[in-house]
Amino acid sequence: MEKNYYVCTGCGLLCDDIEVESEKNIINKVYTACRVGVAHMKNAKGETNFLVDNKPVDEATAVREAASILKNAKNPLIFGLGTSTDETQKLAIELAKKTNATLDDTSSFCLGPLVEALLQDKLKTCTLEDVRNKADVIIFWGADPSDSHPRHLSKHSYFPRGSEKQKGWEEERTAIAIDVRKSHTAKICGNYFFQIPPGGDTEFIDALIAALSGKLPKTSYKYPPKKILELANILKGAKFGVIFAGLGLIYSLEDLEPVFRLMKVLNEKANFHLVPMVGHYNMRGFNENLFAETGYVNRVKFEDGIVKHGPEYSVVESLKAKTVDAALIIGSDPLSSLPRSVSKNLLEIPVISIDPCETLTSKHAKIYINTAVSGVEAGGSATRMDGTKVSFKPVVETVHPSDEAILKKIMEAV
Amino acid sequence: MTNAMELYQMLPKTNCKKCGKTSCMAFAVSLMSRELTPEDCPPLKEESKYRESYEKICELFKPSEGATETGLIVHEDLCFGCGNCVVACPPNVANDPYGVGSGKAPTNVNRLVLTVEDGVVKAQNLGECRRFGKNKILCYGCIVTCPVEAIEFV
Ligand code: SF4
Ligand code: SF4
Ligand code: SF4
Ligand code: SF4
């Protein structure tokens with residue numbers, strides 16, 4: 001019998017081999033997904049909720065009120081969308097155009113620059129299938145997939161057999177962790193864990209480049225040169241290398257220039273690819289959809305048909321400078337995730353929160369619309385961390401409207 | 001827990017071969033792999049001067065609660081279902097090379113030792129585990145690949 005597999009939208013890995021047993025739209029058992037994925041899929045809820053000023057209303061009222069906030073605002077902020085489908089994201093871009101909004105997502109303070117570089121072909125990349133089939137040297141840099149993307153090592157990057165990797169991980173793959181602490185992933189990497197001090201990434205890159213070029217690697221924190229030379233030797237021998245770049249690396253760099261330099265040297269000596277460790281299941285999709293539309297991956301402001309772009313249009317800067325006068329927040333909780341000094345300004349403007357879960361932001365919102373869990377109760381398509389398109393159908397049916405359906409209605413009403 | 005050398009230190013060290021092994025050291029190795037039990041060394045079991053050692057060794061090898069036939073226990077509170085052990089387990093790979101062996105959903109559940117259910121690893125079909133049966137060997141596949149030490153053999 002052909003098996004019926006579902007896609008898990010619990011993280012940027014979008015595992016597509018999940019079996020589910022459900023009855024009366026309640027998920028009873030989930031096979032093969034990790035614990036994070038199971039929690040995400042079993043996140044079943046009760047009644048739908050439409051709240052205005054924390055009082056229950058019907059859907060039409062909530063939509064009407066939301067539309068009127070957006071209409072009356074001079075510069076509304078539209079933010080979030082990392083856990084929304086491509087279809088929803090495209091609608092949000094249209095809505096931003098129509099309402100002259102500032103549009104941004106979480107990538108502006110995490111992996112956005114890296115995804116942008118990939119979309120502009122500035123870095124060599126590959127798919128996770130390539131990694132499974134071919135990769136012999138795998139580097140986790142400032143990333144701990146064992147915590148953030150639990151099936152990363154088992155499904156793609158280290159343990160599985162691939163078409164050109166039939167003998168198994170012990171013989172054919174080397175996994176390396178470069179991090180400031182001994183993470184769970186670093187533990188798996190054993191002797192190939194390179195512990196560097198916080199903020200030490202740029203220097204480590206320079207030392208590594210020196211070692212790759214046959215020079216003595218030096219760091220101000222006196223990293224044993226022998227170990228760096230040993231690492232350089234492994235990297236030089238890679239037939240298909242891949243760097244999984246995480247937030248730890250990005251936060252430690254002022255800009256991506258050291259990464260470009262390292263990738264250049266690595267590709268002179270060997271064959272290396274880079275894949276960003278995108279956390280939210282469709283953050284990369286947002287970057288790609290906005291890029292296709294505007295040429296930018298985030299931080300844009302629409303104004304009467306033209307697009308402006310710049311750091312001042314990031315969620316953080318626009319809240320700091322109080323340039324936005326309303327906010328539509330979709331599937332994100334900036335009141336919890338942004339620094340208090342920034343997020344407190346959200347309390348001064350009308351906020352519309354569209355989220356499958358109650359959050360701090362939704363509790364303080366003027367309007368809260370409780371939507372279906374994307375990927376579990378609503379289908380669509382998304383972009384995996386490596387750029388692969390994945391489509392999915394809902395696992396169960398729900399009374400909750402999808403964020404796509406809600407945005408469509410708001411769009412019609414503005 | 002312990003190693004063969006430590007066990008050897010507690011044995012009679014006479015190499016009398018009554019256990020069927022060529023030496024006490026060989027017996028210690030068989031104990032470790034659970035091929036033999038402490039009772040299989042007659043002098044250890046019967047002679048009073050070894051009583052203390054015998055009890056200590058028995059204590060080490062007493063089947064603990066929750067353990068499966070191979071002594072495998074899953075600490076369900078620690079396991080987060082990453083699947084590393086599932087994909088690395090040699091009999092799993094041999095019995096389902098294009099399913100779990102390739103990192104994907106199982107296609108041959110009836111012959112797999114480890115699978116993930118509801119986000120936690122489940123052990124079954126222990127007859128397939130390399131630590132079980134006549135040709136058993138000490139396999140560490142599922143232990144060294146687990147990031148959180150959720151699998152243990154006792
Ligand atoms: S690794 Fe991510 S996508 Fe895969 S099952 Fe776990 S949470 Fe879901
Ligand atoms: S029976 Fe006991 S004493 Fe004799 S060889 Fe075996 S282990 Fe050693
Ligand atoms: S001991 Fe080896 S064969 Fe047995 S479950 Fe673990 S990995 Fe599989
Ligand atoms: S036992 Fe360890 S390796 Fe196996 S699924 Fe659980 S956490 Fe992962």
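Is it the case that A:ALA238 is aliphatic (A, V, I, L, M) and not in a loop (DSSP other than H, G, I, E, B)? No: the conditions fail for A:ALA238.
For B:GLY83, the criteria (1) at the interface with chain A (Cβ under 9 Å from one of its Cβ atoms); (2) open to solvent by 30 Å² or more (accessible area, probe 1.4 Å) hold in every case but one, which is (2).
Tell me, yes or no, whether segment A:182-202 has at least one residue that is assigned to a helix (DSSP H, G or I), over 25 Å from A:HIS156 (Cβ atoms) and of a type outside the set (A, V, I, L, M). Yes - at least one qualifying residue is present in segment A:182-202. None of A:LYS24, A:LYS29, A:LYS42 is under 20 Å from B:ASN108 (Cβ atoms) and of a type in the set (Lys, Arg) except A:LYS29. When A:ILE188 is tested against (1) touching a Pro at 6+ places or on another chain (Cβ under 6 Å); (2) at pLDDT below 95, just one condition goes unmet, and that condition is (2).
Of everything listed in (1) free of Cβ contacts under 8 Å to residues at least 40 places away in the same chain; (2) in contact with a strand residue (DSSP E or B) (Cβ under 7 Å, 6 or more places away or on another chain); (3) open to solvent by 60 Å² or more (accessible area, probe 1.4 Å), the single unmet condition for A:GLU172 is (3).
Considering only segment B:100-120, state which residues are more than 10 Å from chain A (Cβ to nearest Cβ) and crowded, with 22+ Cβ neighbours inside 10 Å. Of everything in segment B:100-120, those that are more than 10 Å from chain A (Cβ to nearest Cβ) and crowded, with 22+ Cβ neighbours inside 10 Å turn out to be B:LEU112, B:VAL113, B:LEU114. Kindly indicate whether any position in segment A:143-151 is over 20 Å from B:PRO90 (Cβ atoms), open to solvent by less than 10 Å² (accessible area, probe 1.4 Å) and at the interface with chain B (Cβ under 8 Å from one of its Cβ atoms). Yes, some residue in segment A:143-151 is over 20 Å from B:PRO90 (Cβ atoms), open to solvent by less than 10 Å² (accessible area, probe 1.4 Å) and at the interface with chain B (Cβ under 8 Å from one of its Cβ atoms).
Selection of segment A:159-197 for residues being more than 11 Å from every other protein chain (Cβ to nearest Cβ) and of a type in the set (Asp, Glu) yields A:GLU164, A:GLU171, A:GLU172, A:ASP179. With respect to B:CYS79, is the statement that it is within 16 Å of ligand 1 (Cβ to nearest atom), out of contact with any Leu (no Cβ under 9 Å at 6 or more places or on another chain) and touching a residue at least 24 places away in the same chain (Cβ under 8 Å) true? Here the answer is yes, as B:CYS79 does meet what is asked. Counting only residues that are in contact with a Ser or Thr (Cβ under 9 Å, 6 or more places away or on another chain) and buried (at least 18 other Cβ atoms within 10 Å of the Cβ), segment A:270-307 holds 23 of them. The residue of segment B:87-99 that is nearest to A:LYS29 (Cα to Cα), among those that are more than 7 Å from every other protein chain (Cβ to nearest Cβ) and either touching a Cys at 6+ places or on another chain (Cβ under 8 Å) or outside any helix (DSSP H, G or I) (or both), is B:GLY99.
The values are calculated or read from the model by the stated rules, or taken from the named source; none is laboratory data. What you are looking at is a predicted structure, and each value in this text was computed from that prediction instead of being measured. No Cβ is skipped: glycine too gets one built from the backbone with ideal geometry, and neighbour counts run over all protein chains shown. These area figures cover heavy atoms from the full protein model, side chains too; ligands, DNA and RNA do not enter into them. Shrake-Rupley method; radii C 1.70, N 1.55, O 1.52, S 1.80 Å.
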